[in-house]
Amino acid sequence: MHMLITGAAGFLGRALAQRLQPDSRLGERTVTRLTLLDLAFDGQPPEGVRHCAGDMGDAGWLRGVLEEGPPIDALFHLASIPGGTAEQNYPLARCVNLEATQTLLEHGQRQVAAGHRAPVFVFASSIAVFGHMPTVVDDDTPCRPQMTYGTQKRIGELWVEDFSRRGWVDGRAVRIPGVLARPPARTGQLSAFLSDLIRELAAGRAFTCPTGPDATTWASSLPCVVEQLLHAARFDVAATEGHRVLTLPTLRFAMADLVQAVGRVHGVPAADLVRWAPDARIETLFGRFPPLVTPHAEAAGFRADADLEALVRQALASG
């Protein structure tokens with residue numbers, strides 16, 4: 001198989017690429033070639049791996065990369081301009097979150113027109129598509145995004161469904177929750193405090209949390225989400241009754257419960273190290289998540305972390 005990953009040098013993309021090295025397997029097939037796209041890469045790629053460094057917002061560069069290689073069997077589109085940055089820089093967000101997605105999907109159309117198979121197209125969407133949420137979120141909850149990032153992800157989902165209907169890609173859009181624990185870097189993601197909380201408390205350092213202790217959110221560990229992405233490329237769409245846009249199963253928890261889990265896993269007095277300083281905007285965006293029900297994804301075999309302690313344990317083990 002020829003696999004392609006956008007955003008491959010990022011937090012999630014790097015972990016996925018490590019799982020898809022040449023000679024690894026995806027279902028019944030062997031990965032023979034891996035093409036990785038991002039702004040820059042460290043070091044030289046191993047045999048069978050192609051590093052393509054460039055700007056996803058440059059449509060000419062992106063088309064050139066896609067046309068240079070052999071037909072693509074599966075594509076994981078992870079590259080994006082996230083929430084806070086997308087709000088501040090709309091032109092950049094439009095280029096990467098919309099125009100690059102369209103370019104990738106249209107490559108599938110050209111590939112089919114040339115007589116090749118439609119590529120499996122795994123689109124990393126986001127729970128940001130929901131916006132303000134009702135008392136319970138399920139597979140029928142309408143999307144009312146409240147930020148540019150969520151709106152652009154919702155547009156991508158609709159495109160994936162439409163291109164799949166036309167037979168140009170075999171698309172699957174998966175709505176990813178918070179992924180823990182991200183490295184301490186400025187990414188523009190307003191939810192970064194969740195990763196910082198786990199990392200700081202696990203190290204026995206004090207942390208100021210921008211929510212109250214009863215604030216509830218959804219999150220998964222990095223290894224869990226990598227497994228879900230791999231499963232997204234191989235599950236039988238018929239198992240979801242044809243649904244190609246899925247909200248991934250994840251854990252819902254209160255911040256105080258997360259703090260206690262960190263204390264149990266890492267043997268630190270985590271509750272004593274936290275100062276609660278609620279920020280109204282952060283709490284509105286990330287602290288009022290209702291119960292989540294995901295029957296379509298679960299019927300297709302997607303699974304969340306086993307429990308909150310497992311999430312905490314895997315979050316730092318992968319960081």
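Sort out which residues of the stretch 222-275 are over 26 Å from L158 (Cβ atoms), touching a residue at least 12 places away in the same chain (Cβ under 8 Å), small (G, A, S) and out of contact with any strand residue (DSSP E or B) (no Cβ under 6 Å at 6 or more places or on another chain), and write them in order of number.
A256, A261, G263, A270, A271
Given L36, L62, which one is surrounded by 14 or more Cβ atoms within 10 Å (Cβ to Cβ) and either touching a residue at least 40 places away in the same chain (Cβ under 8 Å) or under 18 Å from N97 (Cβ atoms) (or both)?
L62
Taking Y90 as meeting all but one of (1) modelled with pLDDT of 95 or more; (2) out of contact with any strand residue (DSSP E or B) (no Cβ under 8 Å at 6 or more places or on another chain); (3) over 21 Å from S191 (Cα atoms); (4) surrounded by fewer than 16 Cβ atoms within 10 Å (Cβ to Cβ), write down the number of the exception.
Condition (3) is where Y90 drops out.
With (1) closer than 27 Å to S221 by Cα; (2) at pLDDT 90 or above; (3) exposed (fewer than 15 other Cβ atoms within 10 Å of the Cβ); (4) more than 19 Å from the chain's Cα centre (by Cα) as the list, and Q18 as the residue in question, which single condition is left unmet?
Tallying (1) closer than 27 Å to S221 by Cα; (2) at pLDDT 90 or above; (3) exposed (fewer than 15 other Cβ atoms within 10 Å of the Cβ); (4) more than 19 Å from the chain's Cα centre (by Cα), Q18 fails exactly one: (4).
For the subset of the stretch 292-306 comprising residues that are out of contact with any strand residue (DSSP E or B) (no Cβ under 6 Å at 6 or more places or on another chain) and in a helix (DSSP H, G or I), which member is surrounded by the fewest Cβ atoms within 10 Å (Cβ to Cβ)?
Checked the stretch 292-306; the qualifying residue surrounded by the fewest Cβ atoms within 10 Å (Cβ to Cβ) is P295.
For the condition assigned by TED's automatic domain parsing to the domain that holds W168, surrounded by fewer than 20 Cβ atoms within 10 Å (Cβ to Cβ) and touching a strand residue (DSSP E or B) at 6+ places or on another chain (Cβ under 6 Å), what is the one hit in V49, V112?
The conditions single out V49.
For the stretch 280-299, which residues satisfy the criterion of being of a type outside the set (A, V, I, L, M), under 20 Å from Q146 (Cα atoms) and touching a helix residue (DSSP H, G or I) at 6+ places or on another chain (Cβ under 9 Å)?
Within the stretch 280-299, F286, G287, F289 meet the criteria.
Table: residues versus (1) within 25 Å of T135 (Cβ to Cβ); (2) outside any loop (DSSP other than H, G, I, E, B).
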residue	(1), (2)
S220	yes, yes
E227	no, yes
H231	no, yes
F235	no, no
A239	no, yes
V265	no, yes
D272	no, yes
P290	yes, no
Q314	no, yes
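Report those strands (runs of 3 or more DSSP E) wholly inside the stretch 30-113 carrying at least 1 residues which are in contact with a Cys (Cβ under 8 Å, 6 or more places away or on another chain) and more than 22 Å from A192 (Cα to Cα).
33-38
Suppose the filter is under 24 Å from A86 (Cα atoms) and either out of contact with any strand residue (DSSP E or B) (no Cβ under 8 Å at 6 or more places or on another chain) or surrounded by fewer than 21 Cβ atoms within 10 Å (Cβ to Cβ) (or both); does T151 pass it?
It is true that T151 is under 24 Å from A86 (Cα atoms) and either out of contact with any strand residue (DSSP E or B) (no Cβ under 8 Å at 6 or more places or on another chain) or surrounded by fewer than 21 Cβ atoms within 10 Å (Cβ to Cβ) (or both).
Of the conditions (1) at pLDDT 95 or above; (2) of a type outside the set (G, A, S); (3) touching a helix residue (DSSP H, G or I) at 6+ places or on another chain (Cβ under 7 Å); (4) within 24 Å of G13 (Cα to Cα), V262 fails just one. Which one is it?
That leaves (4) as the condition not met.
Consider G167 carefully, then state whether it is farther than 22 Å from A256 by Cβ, buried (at least 17 other Cβ atoms within 10 Å of the Cβ) and touching a residue at least 40 places away in the same chain (Cβ under 8 Å).
Taking the combined requirement at face value, the residue does not satisfy it.
The values are calculated or read from the model by the stated rules, or taken from the named source; none is laboratory data. Predicted model only: the values in this text are computed from it and were never measured. Don't worry about glycine lacking a Cβ; one is built from the backbone with ideal geometry, like all the others, and counts go over all protein chains shown.
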